[in-house]
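The values are calculated or read from the model by the stated rules, or taken from the named source; none is laboratory data. Predicted, not measured: the structure shown is a model, and the values here were computed from it. Note that we place each Cβ from the backbone using ideal geometry, even for glycine, and neighbour counts take in every protein chain shown. When the accessible area is computed, the model is the full protein with side chains, heavy atoms only, and any ligands, DNA or RNA have been set aside. Shrake-Rupley method; radii C 1.70, N 1.55, O 1.52, S 1.80 Å.
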Amino acid sequence: MGDAAVPTKGNVLGSLVPARYILAVLGSIGMAIIYGLKVNLSVAMVAMLNHSALAHGSAPVHEASQSHNVEEVCTQAGNSTEAIEDGPFAWSEPLQGTILSCYFWGYFVSQIPGARIAESLSAKWVMFFSVFINVICTLLTPVSAEAHYGVMIAMRIGEGIGGGVTFPAMHVMLASWAPPNERSVMSAIVYAGTALGTVISMLMAGVLAGSLGWESVFYVMGGLSCIWLVLWVFLVQDNPNKQALISAEERTFITSSLGTEGGSGHGGAKPAIPWKKIFTSGPFYAILIAHVCNNWGWYMLLIELPFYMKQVLQFNIKENAVVTAIPFLTMWFFSMALSKTLDALRGRKKIDTTIARKTATLIASVIPMCCLLALCYIGCNRGAAVALMTLGITSIGGMFCGFLSNHIDIAPNYAGTLMAITNTAATLPGITVPIFVGQITHGNQTIGAWRIIFFVTIALYVIEIFGYTFLGSGDEQPWNKGDKVNTGAVENGEAEATPLNTKDAKPNYTTQDQ
């Protein structure tokens with residue numbers, strides 16, 4: 001039985017709490033940490049910059065833009081007269097964009113190697129070192145910023161290298177742990193942690209920067225993240241057959257539904273990756289298109305929203321943190337409700353996996369697109385702007401049980417690699433967005449400048465809608481079994497070659513992937 005012999009008798013935790021949801025919750029917290037340590041700089045930078053010096057340097061261009069349309073710049077309202085909070089760094093808008101985007105330089109290069117290591121060796125330890133690297137680089141950020149912006153860039157690249165392997169690693173974990181009839185819910189729990197981490201990070205960063213100084217943002221958040229490292233090591237394993245903190249009933253339920261009884265999950269030999277078949281697959285390109293286009297909008301709101309709130313709507317840093325964070329909290333609740341609803345409908349055979357994935361993806365693209373279009377024409381109406389951004393960001397939560405879960409549907413054997421490929425391509429918006437916004441808004445922090453930014457985002461959402469609607473699928477693809485299909489050479493590897501092939505599973509678990 002190999003790893004299946006891990007004892008569970010007398011295991012209180014495994015009897016009380018399903019081990020697969022311990023994994024999902026800790027995975028969600030891990031994703032929250034990664035995203036929290038990524039976006040905290042977007043909020044902290046507002047307190048780090050010397051706004052007086054920057055405004056003085058860009059005043060001539062700013063006045064020129066005002067001369068064309070006096071309504072292009074919003075006036076301050078309420079207590080927003082406290083909006084100028086000067087820090088020590090006079091970084092120009094293009095340099096700000098470079099510092100924010102350099103995270104994705106590291107993110108870009110680490111995903112495919114990280115995915116192969118996770119699939120071949122251990123996704124648990126890939127995820128551990130991902131968070132560990134981010135914690136170390138975060139704690140060193142204040143010292144790096146004071147030394148030179150080049151050193152800070154190096155720290156952000158290091159965080160990106162760690163952050164890049166998180167999605168592939170968690171996809172590998174979910175492929176080994178999530179029963180087909182719970183795949184949407186478990187995926188949503190894990191990946192919605194990105195929204196939860198954004199909420200917590202933005203709120204904490206705003207409060208800490210406003211009360212204890214910008215340095216505290218990195219020290220406090222980096223220090224607290226160390227707790228997760230300990231919990232992850234002792235409570236999580238790569239698959240149910242290696243987990244001691246699990247009941248025998250739960251282990252049997254998971255492994256029988258996935259066809260991995262008695263095996264080591266994903267740790268054995270895998271069929272060779274059918275690269276040609278992957279890159280000639282319509283469903284794969286549907287995910288790729290959706291991932292790239294949706295990420296542009298995601299990063300636009302995730303990274304640049306604090307700057308829009310300050311530059312255009314004149315929120316001060318404490319208002320900024322609250323208003324920016326609330327939509328990500330509603331996103332978290334919405335993604336949980338949507339994933340549970342779609343899984344329930346699939347369980348009752350009302351819809352199939354393809355319809356579920358397309359519905360969630362359309363929600364995550366059509367609604368944000370409409371909100372951005374409306375945002376282009378409401379001017380300085382702060383209440384309407386906040387409402388539109390809240391609705392738009394909330395609906396993006398559909399991506400967690402939409403195209404982000406789709407890799408596991410079409411090819412569970414290569415879920416980590418497929419996620420690495422599409423997420424690597426989808427990293428390009430993360431690199432491009434801050435630089436693009438920095439160039440457009442340089443000396444021109446007006447509604448007109450942001451309108452250009454929003455229209456580019458809308459165009460990409462249109463591409464996503466048509467691409468995923470026509471090419472997307474929730475069915476397992478024949479090439480999931482590699483190039484050795486029907487060769488008879490997989491006598492002891494058939495179960496591993498198709499760990500999530502529900503056609504060979506018990507009847508109760510086939511309704512998801514028909």
| said: Here is a check on your reading of the model: is Leu100 at pLDDT 85 or above and either under 30 Å from Pro412 (Cα atoms) or part of a helix (DSSP H, G or I) (or both)? | reply: no
| said: The conditions are (1) within 30 Å of Ile453 (Cα to Cα); (2) under 17 Å from the mean Cα position of the chain (by Cα); (3) not acidic (Asp, Glu), and Ser339 fails exactly one of them. Which is it? | reply: (1)
| query | Looking at the stretch 460-480, which of its residues are open to solvent by 70 Å² or more (accessible area, probe 1.4 Å) and out of contact with any Gly (no Cβ under 7 Å at 6 or more places or on another chain)? | reply | Ile463, Phe466, Phe470, Pro478
| request: Would you confirm whether any residue within the stretch 481-495 is part of a helix (DSSP H, G or I), modelled with pLDDT of 80 or more, among the small types (Gly, Ala, Ser) and over 20 Å from Lys277 (Cβ atoms)? | output: no
| note | Counting only residues in the stretch 366-390 that are without any contact (Cβ under 8 Å) to a residue 40 or more places away in the chain and part of a helix (DSSP H, G or I), the one nearest to Tyr468 (Cα to Cα) is identified as Ile367
| Yes/no for Ile189 being open to solvent by 10 Å² or more (accessible area, probe 1.4 Å), modelled with pLDDT under 90 and among the β-branched types (Val, Ile, Thr) | no
| said: Under 6 Å between Cβ atoms, which residue pairs at least 6 apart in sequence (or on different chains) link something in the stretch 126-150 that is over 23 Å from Thr417 (Cβ atoms) and open to solvent by less than 20 Å² (accessible area, probe 1.4 Å) with a partner that is aliphatic (A, V, I, L, M) and part of a helix (DSSP H, G or I)? | reply: Cys137/Met155; Thr138/Leu37; Thr141/Met155; Ser144/Val151; Ser144/Met152; Ser144/Met155; Ala145/Met152
| request: Tell me, please, whether a residue that is out of contact with any Leu (no Cβ under 6 Å at 6 or more places or on another chain), over 22 Å from Gly222 (Cα atoms) and not in a loop (DSSP other than H, G, I, E, B) can be found in the stretch 127-147. | output: no
| request: Filter the stretch 219-263 down to residues that are within 22 Å of Tyr35 (Cα to Cα), open to solvent by less than 20 Å² (accessible area, probe 1.4 Å) and either among the hydroxyl-bearing types (Ser, Thr, Tyr) or not in a helix (DSSP H, G or I) (or both), then give me how many there are. | output: 2
| note | Conditions (1) of a type in the set (S, T, N, Q); (2) open to solvent by 10 Å² or more (accessible area, probe 1.4 Å); (3) on the phi < 0 side of the Ramachandran plot -> Gln314 fails only (3)
| On the given criteria, is Ile440 within 30 Å of Arg116 (Cα to Cα), of a type in the set (A, V, I, L, M) and either open to solvent by 10 Å² or more (accessible area, probe 1.4 Å) or without any contact (Cβ under 8 Å) to a residue 12 or more places away in the chain (or both)? | no
| field | Index of the failed condition, Ser122 passing every other in (1) modelled with pLDDT under 90; (2) over 20 Å from the mean Cα position of the chain (by Cα); (3) part of a helix (DSSP H, G or I) | value | (1)
| task | Taking the residues in the stretch 376-407 that are crowded, with 24+ Cβ neighbours inside 10 Å and among the aliphatic types (A, V, I, L, M) as candidates, determine which candidate is farthest from His171 (Cα to Cα). | result | Ile393
| note | Selection from the stretch 347-360 of residues more than 21 Å from Tyr299 (Cα to Cα) and either part of a helix (DSSP H, G or I) or open to solvent by less than 10 Å² (accessible area, probe 1.4 Å) (or both) yields Gly347, Thr353, Thr354, Ile355, Ala356, Arg357, Lys358, Thr359
| said: I'm trying to understand the selection: among the residues of the stretch 281-300, which are within 24 Å of Asn480 (Cβ to Cβ), hydrophobic (A, V, I, L, M, F, W, C) and open to solvent by less than 10 Å² (accessible area, probe 1.4 Å)? | reply: Phe284, Ala286, Ile287, Ala290
| query | What's the number of the condition Ile363 fails, among (1) of a type outside the set (Asp, Glu); (2) open to solvent by less than 20 Å² (accessible area, probe 1.4 Å); (3) part of a helix (DSSP H, G or I)? | reply | (2)
| request: Could you list, in sequence order, all residues of the stretch 160-218 that are assigned to a loop (DSSP other than H, G, I, E, B) and more than 16 Å from Phe128 (Cα to Cα)? | output: Ala178, Pro179, Ala192, Leu212, Gly213
| field | Pick from the stretch 443-459, criterion open to solvent by less than 40 Å² (accessible area, probe 1.4 Å) and either part of a helix (DSSP H, G or I) or acidic (Asp, Glu) (or both), ranking: nearest to Leu428 (Cα to Cα) | value | Thr457
| Failed item, numbered, when Gly430 is tested on (1) touching a residue at least 40 places away in the same chain (Cβ under 8 Å); (2) open to solvent by 10 Å² or more (accessible area, probe 1.4 Å) | (2)
